[in-house]
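Worksheet: one structure, shown below.
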Amino acid sequence: MVRNINGKLFADMIIQGAQNLSNHAELVDSLNVYPVPDGDTGTNMNLTMTSGKEAVESNLSQHIGELGKTFSKGLLMGARGNSGVILSQLFRGFSKNLKTYDEINTQQLAESFDAGVETAYKAIMKPVEGTILTVARDAAKAAVETAKSTDNCIELMEATLKAAEDSLENTPNLLPVLKEVGVVDSGGKGLVVVYEGFLKALKGEKVETKVQKIDTESFVNDEHDFHGVINTEDIVYGYCTEMMVRFGKNKRQFDEETFRKDMSEFGDSLLVINDDEIVKVHVHTETPGNVFNYGQQYGELIKVKAENMREQHREVVKKSEQSKDQNKAEEQPQTVETAVITISMGEGISDLFKSMGGTHIISGGQTMNPSTEDIVKVIEKSQCKRAIILPNNKNIMLASEQAAKIVKCETIVIPTKSIPQGIAALFNYDESDSLENNKQRMLDSIELVTSGAVTHAVRDTTIDGVDIKKDSYLGLKNEKIVTSEQDLFETVKSLLENMVEDESEIMTMIVGEDAEASVTSHIEEWMNSNYPDIEVEQHEGNQPVYQYLFSVE
């Protein structure tokens with residue numbers, strides 16, 4: 001039985017909750033409604049919770065109010081994606097309710113859950129039911145009710161978790177798109193696993209660290225870290241050597257211990273992975289030929305590779321010397337009167353933003369959302385008097401708004417949900433005009449843009465009436481899937497037919513790193529033939545995930 005929770009026990013709850021979320025991050029990611037390769041709810045919640053946990057671990061306190069303050073600050077600065085920001089707001093309200101307490105009982109614990117829900121709902125302009133907010137609210141309601149009849153924090157947490165689980169199962173009944181796809185809300189699932197960790201801590205149990213499965217296909221990272229104090233001649237074993245051996249009949253009997261011992265004689269950085277059929281080896285050696293010859297004693301060589309690390313090091317040193325002055329310049333903060341901060345994915349898109357007046361570029365977008373702290377640091381280093389943030393992604397919106405509230409200078413967020421909207425907004429930015437006038441023009445401009453994107457499906461599903469097969473192409477218009485085809489060009493054609501209207505004048509195509517040159521040419525030819533009155537602009541965006549981004553104005 002646990003009647004009271006002090007800072008030490010609350011810290012353990014946070015640590016166990018964070019570990020459980022980390023263990024289930026991939027599962028939470030997989031619940032993403034849209035079958036596009038950007039299911040990062042679990043990743044964002046995990047990174048956010050980890051930031052809070054690390055803050056707590058570096059500033060432990062027996063006083064639960066003080067610890068809550070530390071936890072809240074860590075979550076706030078580390079918040080990524082909308083799910084991460086909502087999680088930070090839930091525990092911001094929770095922690096604020098702890099402020100004056102050395103320790104809390106069931107009544108105060110229940111009140112803290114309830115306070116967290118109130119804060120989170122206030123932080124979201126248009127709360128949607130059937131999401132993490134609903135799960136948190138239903139759980140808090142159960143906590144408040146249970147606190148009336150028990151003084152055992154374990155019993156209260158059990159009731160809270162049970163209500164959260166029941167609410168999660170009901171989310172498809174509140175949000176039709178969840179029912180259509182056949183999943184529960186991903187953010188709600190993330191909160192449930194955090195609460196599971198809380199309960200384990202209260203019971204004195206530990207969440208086991210999930211062991212990551214070894215990927216025998218990719219095996220090792222081909223890149224070698226040559227940074228630091230090292231000379232080319234100091235590399236003792238010069239060849240990064242890998243081989244895969246398929247065991248053969250009438251060959252030497254494989255014994256892992258003997259194999260490892262013999263292989264260790266060839267060099268260092270040894271890694272051996274084997275099953276009943278193959279063995280894979282990575283070793284740094286001076287004699288790759290001898291390694292391959294030894295491997296052949298056990299069977300057939302399937303894959304072999306030997307890279308000269310000394311030559312690689314010479315190239316690294318050469319590039320490092322060439323870019324030294326440039327790097328020094330980049331380290332100096334670019335100070336401006338007005339900072340125009342744009343979130344970008346892809347070198348070409350970043351260059352485009354810079355040419356249009358973006359003063360600071362933050363790499364981000366799908367699968368790599370910047371945190372609140374990332375945005376805050378850029379604004380603070382710029383020493384600006386005012387700032388404009390272009391998130392260019394709906395999942396970066398809340399982190400941007402949170403950053404705008406933290407920084408001291410006047411800061412506005414233009415709610416751009418896509419790269420094309422960001423480009424349109426920047427096109428209407430005038431450095432010599434006031435912040436308010438710029439805001440209005442930029443807001444007006446994004447309303448005139450229809451955004452499109454092409455990517456591939458990561459699973460089979462049916463959504464918005466579109467049947468989707470894994471690895472097929474998807475066409476999204478303003479974030480809604482409108483077409484899916486096995487052929488890339490057919491997908492693009494169907495998407496553009498959906499986007500173009502009678503009054504359309506310009507179509508801009510941003511070409512991604514995985515686009516096909518022949519398809520790109522075909523798209524231009526098709527547009528010129530079918531829509532001769534529409535001007536076609538093309539930019540090399542080099543963006544990942546999306547083969548093409550389009551805007552029609």
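How many residues are closer than 16 Å to GLY188 by Cα, within 26 Å of the chain's Cα centre (by Cα) and either among the small types (Gly, Ala, Ser) or buried (at least 19 other Cβ atoms within 10 Å of the Cβ) (or both) if we restrict to region 111-164?
Matching residues across region 111-164 total 12.
How about region 461-476: which of its residues are closer than 18 Å to ASN395 by Cβ and among the charged types (D, E, K, R)?
Within region 461-476, none qualify.
Please work out if SER95 is in contact with a Lys or Arg (Cβ under 9 Å, 6 or more places away or on another chain), surrounded by fewer than 24 Cβ atoms within 10 Å (Cβ to Cβ) and farther than 27 Å from LYS417 by Cβ.
No.
Quick check: is even one residue across region 64-71 in a helix (DSSP H, G or I), under 23 Å from the mean Cα position of the chain (by Cα), at pLDDT 95 or above and over 30 Å from TYR473 (Cα atoms)?
Yes, some residue in region 64-71 is in a helix (DSSP H, G or I), under 23 Å from the mean Cα position of the chain (by Cα), at pLDDT 95 or above and over 30 Å from TYR473 (Cα atoms).
Restrict the check to region 202-211 and report whether at least one residue is modelled with pLDDT under 50, within 30 Å of the chain's Cα centre (by Cα) and of a type in the set (D, E, K, R). Steps first, please.
Step one: list which residues in region 202-211 are modelled with pLDDT under 50, which gives 211.
Restricting the remaining residues to those that are within 30 Å of the chain's Cα centre (by Cα) gives 211.
This time we only want the ones that are of a type in the set (D, E, K, R), so: none.
Checked region 202-211: no residue is modelled with pLDDT under 50, within 30 Å of the chain's Cα centre (by Cα) and of a type in the set (D, E, K, R).
Could you list, in sequence order, the residues of region 519-553 that are of a type in the set (Gly, Ala, Ser) and more than 20 Å from SER484 (Cα to Cα)?
Taking region 519-553 as the starting set, the residues that turn out to be of a type in the set (Gly, Ala, Ser) are 521, 529, 541, 551.
The answer is SER521, SER529, GLY541.
Just to check your reading of the model, which residue among SER504, SER518, SER484, SER551 is outside any loop (DSSP other than H, G, I, E, B), at pLDDT below 95, over 30 Å from the mean Cα position of the chain (by Cα) and not aliphatic (A, V, I, L, M)?
Exactly one of SER504, SER518, SER484, SER551 is outside any loop (DSSP other than H, G, I, E, B), at pLDDT below 95, over 30 Å from the mean Cα position of the chain (by Cα) and not aliphatic (A, V, I, L, M), namely SER518.
Would you please name the residue that is modelled with the highest pLDDT, looking only at residues in region 116-134 that are polar (S, T, N, Q) and part of a helix (DSSP H, G or I)?
Restricting to residues being polar (S, T, N, Q) and part of a helix (DSSP H, G or I), the top hit is THR134.
Rundown of residues vs (1) under 15 Å from PRO420 (Cα atoms); (2) small (Gly, Ala, Ser); (3) touching a helix residue (DSSP H, G or I) at 6+ places or on another chain (Cβ under 7 Å), yes/no style:
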site	(1), (2), (3)
ASN478	yes, no, no
THR491	no, no, no
ILE523	no, no, yes
SER529	no, yes, no
ILE534	no, no, yes
GLN547	yes, no, yes
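Any chance region 135-157 includes a residue that's basic (Lys, Arg), in contact (Cβ under 8 Å) with a residue 12 or more places away in the chain and part of a helix (DSSP H, G or I)?
First pass over region 135-157, keeping only residues basic (Lys, Arg): 137, 141, 148.
Checking the rest, the ones that are also in contact (Cβ under 8 Å) with a residue 12 or more places away in the chain come to 137, 141.
Going one step further and asking which of them are part of a helix (DSSP H, G or I), we end up with 137, 141.
Yes - at least one qualifying residue is present in region 135-157.
Suppose we filter GLU497, GLU524 for residues that are over 26 Å from SER350 (Cβ atoms), part of a helix (DSSP H, G or I) and of a type in the set (Asp, Glu); which single one remains?
Details: GLU524 fails: over 26 Å from SER350 (Cβ atoms).
Of GLU497, GLU524, the one residue that is over 26 Å from SER350 (Cβ atoms), part of a helix (DSSP H, G or I) and of a type in the set (Asp, Glu) is GLU497.
Which one of these is of a type outside the set (Ser, Thr, Tyr), out of contact with any Cys (no Cβ under 7 Å at 6 or more places or on another chain) and over 22 Å from ARG441 (Cβ atoms): LYS354, LYS381? Talk me through it step by step, then tell me what you get.
Values: LYS354 fails: over 22 Å from ARG441 (Cβ atoms).
Of the residues listed, the single one that is of a type outside the set (Ser, Thr, Tyr), out of contact with any Cys (no Cβ under 7 Å at 6 or more places or on another chain) and over 22 Å from ARG441 (Cβ atoms) is LYS381.
Write out, first by first residue and then by second, each pair whose Cβ atoms fall under 6 Å of each other, whose residues are 6+ apart or on separate chains, and whose first residue, in region 393-407, is more than 12 Å from SER418 (Cβ to Cβ) while the second is part of a loop (DSSP other than H, G, I, E, B) and not β-branched (Val, Ile, Thr).
Close Cβ pairs satisfying both conditions: ALA399/ALA79; SER400/PRO391.
So, restricting to helices (runs of 4 or more DSSP H) that lie completely within region 385-448, which ones have at least 1 residues that are within 25 Å of the chain's Cα centre (by Cα) and buried (at least 22 other Cβ atoms within 10 Å of the Cβ)?
On the way: elements: 397-406, 419-427, 435-446.
Once the helices (runs of 4 or more DSSP H) in region 385-448 are filtered for at least 1 residues that are within 25 Å of the chain's Cα centre (by Cα) and buried (at least 22 other Cβ atoms within 10 Å of the Cβ), what remains is 397-406, 419-427.
Collect the residues in region 495-526 that are of a type in the set (D, E, K, R) and either free of Cβ contacts under 8 Å to residues at least 24 places away in the same chain or touching a strand residue (DSSP E or B) at 6+ places or on another chain (Cβ under 7 Å) (or both), keeping them in residue-number order.
GLU497, ASP502, GLU503, GLU505, GLU524, GLU525
Here's a check for you: in region 527-544, which residue that is touching a residue at least 40 places away in the same chain (Cβ under 8 Å) and either among the polar types (S, T, N, Q) or surrounded by 21 or more Cβ atoms within 10 Å (Cβ to Cβ) (or both) is nearest to ASP351 (Cα to Cα)?
Taking region 527-544 and keeping what is touching a residue at least 40 places away in the same chain (Cβ under 8 Å), we get 539-544.
Then keep just the ones that are either among the polar types (S, T, N, Q) or surrounded by 21 or more Cβ atoms within 10 Å (Cβ to Cβ) (or both); that gives 541-543.
Working: GLY541: 9, ASN542: 11, GLN543: 12 Å.
Among those residues, the one meeting the criterion is GLY541.
Go through region 76-99 and give me each residue that's polar (S, T, N, Q) and farther than 20 Å from ALA404 by Cβ.
Scanning region 76-99 gives SER95, ASN97.
Only one of (1) in contact with a Leu (Cβ under 7 Å, 6 or more places away or on another chain); (2) at positive phi; (3) not hydroxyl-bearing (Ser, Thr, Tyr) fails for ASN478. Which number is that?
All conditions are met except number (1).
Tell me yes or no: at least one residue of region 12-30 is buried (at least 24 other Cβ atoms within 10 Å of the Cβ), part of a loop (DSSP other than H, G, I, E, B) and out of contact with any strand residue (DSSP E or B) (no Cβ under 6 Å at 6 or more places or on another chain).
Within region 12-30 (the criterion being buried (at least 24 other Cβ atoms within 10 Å of the Cβ), part of a loop (DSSP other than H, G, I, E, B) and out of contact with any strand residue (DSSP E or B) (no Cβ under 6 Å at 6 or more places or on another chain)), the answer is no, since none of the residues qualifies.
Tally the residues that are surrounded by fewer than 22 Cβ atoms within 10 Å (Cβ to Cβ) and free of Cβ contacts under 8 Å to residues at least 24 places away in the same chain, restricting the search to region 466-482.
The number of residues fulfilling the criteria is 7.
For region 184-199, which positions are among the hydrophobic types (A, V, I, L, M, F, W, C) and touching a Gly at 6+ places or on another chain (Cβ under 6 Å)?
Result: VAL194, PHE198.
Among the residues in region 42-60, are any among the small types (Gly, Ala, Ser), crowded, with 24+ Cβ neighbours inside 10 Å, out of contact with any Pro (no Cβ under 9 Å at 6 or more places or on another chain) and farther than 25 Å from ALA159 by Cβ?
Yes, some residue in region 42-60 is among the small types (Gly, Ala, Ser), crowded, with 24+ Cβ neighbours inside 10 Å, out of contact with any Pro (no Cβ under 9 Å at 6 or more places or on another chain) and farther than 25 Å from ALA159 by Cβ.
Which is in contact (Cβ under 8 Å) with a residue 40 or more places away in the chain and aliphatic (A, V, I, L, M), of ILE412, ILE463, ILE446?
Going through ILE412, ILE463, ILE446 in turn, just one is in contact (Cβ under 8 Å) with a residue 40 or more places away in the chain and aliphatic (A, V, I, L, M): ILE463.
Identify, please: which residue in region 374-430 is touching a Pro at 6+ places or on another chain (Cβ under 8 Å) and under 20 Å from THR48 (Cβ atoms) and is, among those, modelled with the highest pLDDT?
Taking the candidates together, the pick is VAL413.
The values are calculated or read from the model by the stated rules, or taken from the named source; none is laboratory data. Not measured: the values here are computed from a predicted model. Don't worry about glycine lacking a Cβ; one is built from the backbone with ideal geometry, like all the others, and counts go over all protein chains shown.
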